[in-house]
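The values are calculated or read from the model by the stated rules, or taken from the named source; none is laboratory data. Just so it is clear, the structure is predicted and the values come from calculations on it, not from any experiment. All Cβ positions, glycine included, derive from the backbone under ideal geometry; neighbour counts span all protein chains shown. All accessible areas refer to the heavy atoms of the entire protein, side chains included, with ligands and DNA or RNA removed. Shrake-Rupley method; radii C 1.70, N 1.55, O 1.52, S 1.80 Å.
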Amino acid sequence: MLSERAKKIKPSPTLAIDAKAKAMKAAGEDVISFGVGEPDFDTPDNIKEAAGKAMKDGFTKYTAVGGIDPLKDAIIDKLKSDNGLSYRREEIIVSTGAKHSLYNVAQALYGPGDEVIIPSPYWVSYPDQVLLNDAVPVFVETFEADSFRVRPEALEERITKKTKALILNSPSNPTGMIYDRKTLEKIAELALKHNFYIVSDEIYEKLIYGGAEHVSVASLDKEVKMKTVLINGLSKSHAMTGWRIGYAAGPAEIVRAMTNIQSQSTSNPTSITQKAAIEALRGPQDFVVRMREEFDKRRKYLVEELNRIEGMHCLMPAGAFYAFPNTSQLYGKKAGGRQISSSADLALYLLEEARVALVHGSAFGDDNYIRLSYATSLADIKRGVERIKGAVGGLTA
Ligand SMILES: *Cc1c(COP(=O)(O)O)cnc(C)c1O
């Protein structure tokens with residue numbers, strides 16, 4: 001009955017543990033969650049007010065499919081001032097979240113037999129969006145020793161005549177690592193030499209710590225820009241996950257195709273949200289700074305504490321809001337009758353024994369790790385880490 005396409009798509013691997021955490025919470029248990037992938041801050045008031053005004057003004061009808069011009073102009077100005085990039089309106093499309101932008105790119109670029117290279121660990125939706133378009137995800141492993149940046153030599157080994165695109169994510173979910181200019185230059189060189197696109201997901205651009213620099217791969221030079229589709233949005237930078245707004249910037253021909261696809265599926269992103277997005281981009285940015293400072297404090301605290309736990313070690317992430325500790329030394333240990341042999345076993349053990357919810361690394365393509373989001377209060381982070389320490393201390397060889 002179902003299409004071959006539908007059969008290829010797995011349910012979200014994070015679902016089982018999330019469902020269990022929710023059930024425990026509903027039963028009145030005090031579960032601390034490191035699982036969520038969204039800021040715990042409220043959307044700033046000036047943004048909400050802009051949405052309220054849009055409603056009062058009756059701005060509640062269909063808009064241009066790819067977003068209203070004043071919003072495209074705000075995005076163009078942002079890309080110019082933050083990223084040193086010049087785009088025209090026909091090179092911008094606004095969609096219902098960055099995930100939707102990524103999906104539109106996938107529909108516009110990937111087809112049967114095409115290969116799309118995805119460095120692993122990766123964000124959970126990338127492989128499935130490739131599969132949904134009958135293309136083939138090709139993984140290239142990255143290593144802690146390289147700060148999880150893809151080795152250009154390893155990338156080159158994966159390139160074939162069928163390579164259509166590479167998906168880059170800097171700062172990265174789940175590793176929190178960011179790409180330096182040198183590595184990006186080498187990657188871009190390969191894209192030009194072998195003629196494939198770079199889909200660059202920059203949703204965590206505003207969440208970078210310790211003075212590190214965000215480099216937008218499209219800004220390296222004109223030719224690279226013509227091979228890049230840049231993805232960004234306001235979910236993470238302005239705590240707007242529920243508003244559903246994201247955008248893409250790229251060559252006009254690709255953006256036109258994405259807009260046609262969007263016109264036959266969702267039509268325009270919500271009119272009210274578009275007005276709110278203009279305020280988010282053009283209004284005061286002090287909220288972003290405050291949120292980043294708060295995340296920075298939590299980041300340092302959490303990572304230092306994780307490194308105090310025997311059997312775990314964790315790189316200091318440079319961006320996003322995730323810690324990604326290596327937990328492989330704990331595999332093979334036991335607690336009571338239970339054997340921990342994988343990241344999923346460990347996540348389930350920590351949920352059941354320590355009432356701490358987090359995501360197993362295998363969900364992101366690497367079983368040696370677990371992912372903890374620090375988009376939760378410092379008080380909860382403190383309590384949560386104590387619980388993890390206790391539960392890991394209870395494991396025996
Ligand atoms: C959160 C996230 C997105 C999607 O965000 P939207 O809410 O759809 O705008 C895209 N990529 C990564 C890596 C994310 O973590």
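From the list Ala379, Ala323, Ala344, the lone residue that is open to solvent by less than 10 Å² (accessible area, probe 1.4 Å) and either at pLDDT 95 or above or of a type outside the set (S, T, N, Q) (or both) is Ala323. If the condition is being touching a Leu at 6+ places or on another chain (Cβ under 8 Å) and within 12 Å of the ligand (Cβ to nearest atom), then segment 120-140 contributes Ser125, Tyr126, Gln129.
For segment 295-315, the set of residues classified as out of contact with any helix residue (DSSP H, G or I) (no Cβ under 8 Å at 6 or more places or on another chain) and buried (at least 18 other Cβ atoms within 10 Å of the Cβ) consists of Phe295, Arg299, Val303, listed by residue number. For segment 128-143, the criterion of being part of a loop (DSSP other than H, G, I, E, B), closer than 14 Å to Asp366 by Cα and open to solvent by 10 Å² or more (accessible area, probe 1.4 Å) is satisfied by at least one residue.
Residue-level analysis places Ser86 outside the set of residues that are crowded, with 19+ Cβ neighbours inside 10 Å and either under 16 Å from Asp201 (Cα atoms) or at pLDDT 95 or above (or both).
Among the conditions (1) within 22 Å of the chain's Cα centre (by Cα); (2) under 22 Å from Gly365 (Cβ atoms); (3) not aliphatic (A, V, I, L, M), Arg298 misses just one, which is (2). Could you list, in sequence order, the residues of segment 215-242 that are out of contact with any Leu (no Cβ under 7 Å at 6 or more places or on another chain) and near the ligand (Cβ under 9 Å from one of its atoms)? Asn232, Gly233, Leu234, Ser235, Thr241, Gly242, listed by residue number. Among the residues of segment 97-117, some residue qualifies, meaning at least one is within 22 Å of the chain's Cα centre (by Cα), more than 19 Å from Gln262 (Cα to Cα) and surrounded by fewer than 22 Cβ atoms within 10 Å (Cβ to Cβ). Being basic (Lys, Arg) and within 19 Å of the chain's Cα centre (by Cα) is the requirement here; does Lys10 meet it? Taking the combined requirement at face value, the residue satisfies it. Look at Arg387 and say whether it is modelled with pLDDT of 95 or more, crowded, with 22+ Cβ neighbours inside 10 Å and charged (D, E, K, R). Answer is no for this residue.
One residue stands out among those in segment 320-342 that are under 30 Å from Ala212 (Cα atoms) and more than 16 Å from the ligand (Cβ to nearest atom): the one that is farthest from the chain's Cα centre (by Cα), which is Ser328.
Residue by residue, here is whether (1) acidic (Asp, Glu); (2) closer than 14 Å to Leu372 by Cα; (3) in contact with a Phe, Trp or Tyr (Cβ under 8 Å, 6 or more places away or on another chain) holds:
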| residue | (1), (2), (3) |
| --- | --- |
| Glu4 | yes, no, no |
| Asp18 | yes, yes, no |
| Asp30 | yes, no, no |
| Pro44 | no, no, yes |
| Ile47 | no, no, no |
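Pairs linking a residue in segment 243-269 that is farther than 20 Å from Arg88 by Cα to a residue that is aromatic (Phe, Trp, Tyr), with Cβ atoms under 7 Å and 6 or more positions apart or on different chains, are Ser267/Tyr62. Look at segment 124-138: where a residue is in the same structural domain as Ala98 (by TED's automatic domain parsing) and a partner is open to solvent by 20 Å² or more (accessible area, probe 1.4 Å) and assigned to a helix (DSSP H, G or I), sitting 6+ places away or on another chain with Cβ atoms under 7 Å, you get Ser125/Lys99; Gln129/Tyr103; Leu131/Lys8; Leu132/Arg5; Asn133/Gln107; Asp134/Arg5; Pro137/Leu131; Val138/Arg158.
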